[in-house]
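The structure appears below as structure tokens.
The values are calculated or read from the model by the stated rules, or taken from the named source; none is laboratory data. The shown structure was predicted, so the numbers you read here are calculated from the model rather than taken from an experiment. Please note: Cβ atoms are built from the backbone with ideal geometry, for glycine as well, and neighbour counts cover all protein chains shown.
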Amino acid sequence: MNEERSKGRLAALSLAALGVVYGDIGTSPLYAFKEVFAGAHHPVPVTPDNVLGVLSMIFWAVMIVVSLKYVVLILRADNRGEGGIMALMALVLARQESSGGNKTTVMLLGLFGAALFYGDGVITPAISVLSAVEGIEVVTPAFKPYVIPITLAILVTLFAVQKRGTAQVGAFFGPVMILWFATLAVLGALKISEEPGVLLAIWPGYGLSFFLAHPLMGFFALGTAFLTLTGAEALYADMGHFGRTPIRLAWFGLVLPALMVNYFGQGALVLRNAQAIQNPFYLLAPGWGLIPLVVLSTMATVIASQAVISGAYSMTRQAMQLGYSPRMEVQHTSSREMGQIYLPAINWTLLVSIIILVLNFQSSSNLAAAYGIAVTGTMVITTLFAYLVARSEWQWGVLKASAVFGGLMAVDLTFLAANMLKIHDGGWFPLLFGLAVFTLLTTWKRGRLLLGNRLDSGAMPLANFVASINQLGAAVVPRTAVFMTTRLDQVPHALLHNLKHNMVVHERVVLATVSVLPIPRVPDSQRVVVEQVSRQIYKVRLFFGFMEEPDVPATLEWCAEQGLQLNPMETSFFLGRETLLPKIGSEMAFWRGKLFVAMFRNSGSAAGYFKLPPNQVVELGTQVVL
């Protein structure tokens, strides 16, 4: 019985993974093969040898990068079940025993990889939906003027409904994607049956011969063929939602065969009719099936876009928890699934960026020139981190780890070099977008460190305060005061200000600090540590994982098990609120200081972030010169 239940759960998770994990890579057949031969930049001439050579290149690229690197190897590098570049960075940092300089390098690489993810995430919805809607041009060229308006309408609708959550729509994702992959396989198989010789391209010699005969053309084609691999990072990033086994089962059981059959089917079609290269995906279908295929493709690309949008929300929350991003409003869209969240600021920033992309590039072919360069950078960083994990976690020797990940790194660097050729043709956009995000992330981290140093320089040691509290002459008032602080060895500025201006101290003072650990979630039994400093003063450490949201009032209830009983209705929360003033000649460049001040001023409130009851919060301000 338990075995049947386990199999049923595995099947359900594999079905759900189809909709979330494989939306991006699953919609690549819409444009990837076409762009190699009919793209706006450096198209490959349509000849039988070239078609077989490109198909061979696509087949082995998918097998090496996706199947071997991500599905077999990278999925093993989990941070207590969670995946993605931020989770991997946290895992590497937690295991680093080398110098602080190396840790800084790891942090910067991880942040840059995360920033590039945002750059790639902006292009994915644009190119996916646009390539699907372009199918109506195959029905009749008269529909061409409506492609951009329809695309924008779909994208605006998609982002407008994000605040409603994906709980209800998500139930349809899996079945729709099963229909999508089944359609890919059927359409491809029908054309392969008409031209079975196309299967010879599985032999790697065809790809090698193509490169030897046309080295420069092959190098250009490599950058375009990389479009078949975009979305591979999602396999790892979404591991925490489904687990590695369902993701692997879905890949090898359905997604990989369906994709390969469809790519080879497109190749077979072009071998029989070279003119079909103008849109080989839609021309796989019979005339009566074009409209249904356009509708199904649009649904599939919306699902692919949803996966990227949700990924941007999750990564932003991880960045906030790890201290690399200012606090933003986080709305939960499901009462049962903690991972289903909505961040308004990220949502509308993505939408505006995507609209600019669509209006500027106008077609999926133009967007394809900009697509891929960002994700290749993330892939290179992932491979490097995975090597470090293999050495420290998997106990691989230097020779084995270097041979495996050195070979994969060589493949990644080759794709990166090929994609660098796209910078002039539009690849600058995701790089610029990623660089902007990277600048924001590092500025926030550096600014918070500098702000902390400024506050520490004028702080009073807690030991001195405890020793002199009875000589201060302050009135003792009933109830409990909780002072949120980052340093438990110092007196919070809010406490000093309250004492200075009101000349009162509460009968019970709790200094609480929140620590986010480099693990996804913290067990409740390890959530709180209470230390009594004096009869009146307590120090409380609250621990959360980077996938959790700090709920301070709820977590403080666990203090009762360690002798500190808090009555929620008789507790006040005190927060410090700093007003920042940048200055020339600071440790941070003046422009970055101004940027940090703007980010700090527009960040979400600490009260909301820690879920403090609004009618029990007191904020006391101070000015800080950076």
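From the list Val522, Val514, which residue is in contact with a Gly (Cβ under 8 Å, 6 or more places away or on another chain) and of a type in the set (A, V, I, L, M, F, W, C)?
Within the list Val522, Val514, the selection yields Val522.
With the requirement that a residue be small (Gly, Ala, Ser) and within 16 Å of Leu367 (Cα to Cα), what does the range 111-128 give you?
Within the range 111-128, Gly119, Gly121, Ala126, Ser128 meet the criteria.
Would you say Val71 is touching a Phe, Trp or Tyr at 6+ places or on another chain (Cβ under 6 Å) and assigned by TED's automatic domain parsing to the domain that holds Phe242?
Considered against the rule, which asks whether it is touching a Phe, Trp or Tyr at 6+ places or on another chain (Cβ under 6 Å) and assigned by TED's automatic domain parsing to the domain that holds Phe242, Val71 comes out as yes.
In the range 343-382, how many residues are under 29 Å from Leu75 (Cβ atoms) and outside any helix (DSSP H, G or I)?
Of the residues in that region, 4 qualify.
Quickly run through the range 293-324 and pick out the residues that are assigned to a helix (DSSP H, G or I), aliphatic (A, V, I, L, M) and within 18 Å of Thr443 (Cβ to Cβ).
The answer is Met315, Ala319, Met320.
For the range 579-617, which residues satisfy the criterion of being of a type outside the set (Gly, Ala, Ser), closer than 21 Å to Val482 by Cβ and surrounded by fewer than 15 Cβ atoms within 10 Å (Cβ to Cβ)?
Lys611, Pro613, Pro614, Asn615
In the set Val62, Val129, Val72, which member is in a helix (DSSP H, G or I) and crowded, with 22+ Cβ neighbours inside 10 Å?
When all the criteria are applied, what remains is Val129.
Would you say Gly447 is surrounded by fewer than 19 Cβ atoms within 10 Å (Cβ to Cβ) and either charged (D, E, K, R) or more than 30 Å from Ser364 (Cβ to Cβ) (or both)?
no
Filter the range 210-241 down to the residues that are surrounded by fewer than 24 Cβ atoms within 10 Å (Cβ to Cβ) and of a type in the set (Phe, Trp, Tyr) and list them by number.
Phe211, Phe219, Phe220
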